[in-house]
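Enquirer: Before I ask anything, here is the structure I am working with.
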Amino acid sequence: LAADSIKGSYGRRIAQYNHTMHEKLMLEQKIVNTMVESLQREDFQVYLQPKAEINTGRLIGAEALVRWKHPEFGMISPGDFIPVFEKNGFIYSLDLFVWRTACRMLRDWKKANRSIPISVNVSRTDLYHKDLPETLSGMCRDYDLAPDELHLEITESSYVRDSVQLLTVIRRLRQAGFIIEMDDFGSGYSSLNTLSDLPIDIIKLDMIFLRQSENNLRRQKVMQLIIDLARELDLPVIAEGVETEEQAILLKAMGCPYAQGYLYGRPMPETEFFKF
Ligand code: C2E
Ligand code: MG
Ligand code: MG
Ligand code: MG
């Protein structure tokens, strides 16, 4: 009897597992099926979020963040579809669209005498395209832009210690004149000594430091250490996920020069950002 009931509950659990797995796969398949049409129909939009100097509140740049108005599911956040796109290789087509859109915006803003750099996200899988530096340089030429007007956000996890191939592409991007921002710094397994010899121009401090800092003095000490080290290495730091005035005051006291987060502005469509 006991054995039977165990088997029974085990069986139910398997059934449940298969059910949700199945649903997940169906949803992924649906996303994959619609993404090509979505790209053609321009259901994808590029939103912009301000980056600011903490001391003055001055606008120093913008991050381009993609949004998907899905015909069936409504607004889907990148956290839900980027991983799927990375898995099936579609991310490169999407990123090409986002980068091109950012270049078009930069060109238009320049014509209106409102020049600030735009940072675009570069997925780790994009770095496997060996001609990436030439592709991006060509795009800048098409829109009459200097490469340093476009910043590239590359997440910490792309700086894989033993992947010479990825690091070589990042080095070539930097040599081509693009400004490299290391995204989500501190979220993964980076060791502090890598900062001195990796191709990086700017550090983006992961929001995990702020999320846990209010009641976590040790986190704050690590954050202070990174900010001090970055200053010694002449690497500007942008703190991510700054939502409150208190957090901005804390960062200012710690000597962190730049910030991005809801306190300064949410990601918004181009027209709204232009007014902002
Ligand atoms: P990320 O590059 O680290 O971007 C920052 C994320 O934090 C964005 O989420 C932004 O909306 C969110 N954020 C900004 N300020 C705050 C804040 O004060 N509080 C909180 N809680 N969140 C804040 P989003 O737009 O959902 O994007 C998530 C991730 O998806 C991005 O993280 C990036 O890794 C990826 N992603 C977004 N757009 C693109 C893209 O065009 N291409 C690629 N390859 N990845 C993208
Ligand atoms: Mg980013
Ligand atoms: Mg980030
Ligand atoms: Mg991220």
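Enquirer: Report, by residue number, each residue of the stretch 245-262 that is farther than 20 Å from residue 221 by Cβ and not in a helix (DSSP H, G or I).
Expert: 258, 260, 261, 262 - these are the residues of the stretch 245-262 that are farther than 20 Å from residue 221 by Cβ and not in a helix (DSSP H, G or I).
Enquirer: Here's another thing I want to ask about it. Limited to the stretch 69-101, what total is found for residues that are small (Gly, Ala, Ser) and either buried (at least 17 other Cβ atoms within 10 Å of the Cβ) or not in a loop (DSSP other than H, G, I, E, B) (or both)?
Expert: Selection size over the stretch 69-101: 3.
Enquirer: Can you name the number of the only condition in (1) touching a His at 6+ places or on another chain (Cβ under 8 Å); (2) farther than 25 Å from residue 276 by Cα that residue 96 fails?
Expert: (1)
Enquirer: Which residues, taken from the stretch 66-108, are among the acidic types (Asp, Glu) and closer than 13 Å to residue 31 by Cβ?
Expert: Residues satisfying the conditions are 72, 80, 86.
Enquirer: Could you run through the stretch 146-175 and say how many residues are within 16 Å of residue 120 (Cα to Cα) and touching a helix residue (DSSP H, G or I) at 6+ places or on another chain (Cβ under 8 Å)?
Expert: Adding up the residues that qualify gives 10.
Enquirer: Looking at the stretch 157-188 only, could you name the residues that are within 16 Å of ligand 3 (Cβ to nearest atom) and over 13 Å from residue 128 (Cα atoms)?
Expert: 157, 179, 180, 181, 182, 183, 184, 185, 186, 187, 188
Enquirer: Right, here's the next one. Out of all the residues in the stretch 134-157, which are assigned to a helix (DSSP H, G or I) and crowded, with 21+ Cβ neighbours inside 10 Å?
Expert: The answer is 136, 140, 149, 156.
Enquirer: Looking only at the stretch 147-177, count how many residues are away from ligand 1 (no atom under 11 Å from the Cβ) and either aliphatic (A, V, I, L, M) or under 16 Å from the mean Cα position of the chain (by Cα) (or both).
Expert: Adding up the residues that qualify gives 11.
Enquirer: Quick check on my filter: what residues within the stretch 117-132 are of a type outside the set (Gly, Ala, Ser), surrounded by 21 or more Cβ atoms within 10 Å (Cβ to Cβ) and over 15 Å from residue 91 (Cβ atoms)?
Expert: Answer for the stretch 117-132, where residues must be of a type outside the set (Gly, Ala, Ser), surrounded by 21 or more Cβ atoms within 10 Å (Cβ to Cβ) and over 15 Å from residue 91 (Cβ atoms): just 118.
Enquirer: Can you tell me which of (1) within 22 Å of the chain's Cα centre (by Cα); (2) at pLDDT 75 or above is the one residue 32 doesn't meet?
Expert: Exception for residue 32: condition (2).
Conditions (1) touching a residue at least 24 places away in the same chain (Cβ under 8 Å); (2) out of contact with any strand residue (DSSP E or B) (no Cβ under 9 Å at 6 or more places or on another chain), marked per residue:
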position: 169; (1), (2): yes, yes
position: 172; (1), (2): yes, yes
position: 178; (1), (2): yes, no
position: 182; (1), (2): yes, no
position: 185; (1), (2): yes, no
position: 195; (1), (2): yes, no
position: 201; (1), (2): yes, no
position: 216; (1), (2): no, yes
position: 228; (1), (2): yes, yes
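Enquirer: Looking only at the stretch 228-244, filter to residues that are among the charged types (D, E, K, R) and assigned to a loop (DSSP other than H, G, I, E, B); which one of those is nearest to residue 116 (Cα to Cα)?
Expert: Looking at the filtered set, the residue picked out is 240.
Enquirer: Kindly check whether there is at least one residue in the stretch 93-103 that is out of contact with any Leu (no Cβ under 8 Å at 6 or more places or on another chain), over 26 Å from residue 160 (Cβ atoms) and away from ligand 4 (no atom under 15 Å from the Cβ).
Expert: Yes, the stretch 93-103 contains a residue that is out of contact with any Leu (no Cβ under 8 Å at 6 or more places or on another chain), over 26 Å from residue 160 (Cβ atoms) and away from ligand 4 (no atom under 15 Å from the Cβ).
Enquirer: List the pairs whose first member sits in the stretch 18-41 and is surrounded by 10 or more Cβ atoms within 10 Å (Cβ to Cβ), whose second member is aliphatic (A, V, I, L, M), and whose Cβ atoms are under 6 Å apart, counting only residues at least 6 apart or on separate chains?
Expert: 28/84; 31/84
Enquirer: Among 210, 167, 173, which is the only one that is buried (at least 17 other Cβ atoms within 10 Å of the Cβ), at pLDDT 95 or above and not in a strand (DSSP E or B)?
Expert: The conditions single out 173.
Enquirer: A further question follows. Can you name every residue in the stretch 225-252 that is more than 20 Å from residue 60 (Cα to Cα) and loosely packed, with under 15 Cβ neighbours inside 10 Å?
Expert: 225, 228, 232, 233, 246
Enquirer: Could you list, in sequence order, all residues of the stretch 189-211 that are among the acidic types (Asp, Glu) and within 16 Å of ligand 3 (Cβ to nearest atom)?
Expert: 201, 206
The values are calculated or read from the model by the stated rules, or taken from the named source; none is laboratory data. This one's a predicted model, so the numbers in the text were calculated from it and none came from an experiment. Because the Cβ atoms are built from the backbone with ideal geometry, glycine has one as well, and the counts that use them run over all protein chains shown.
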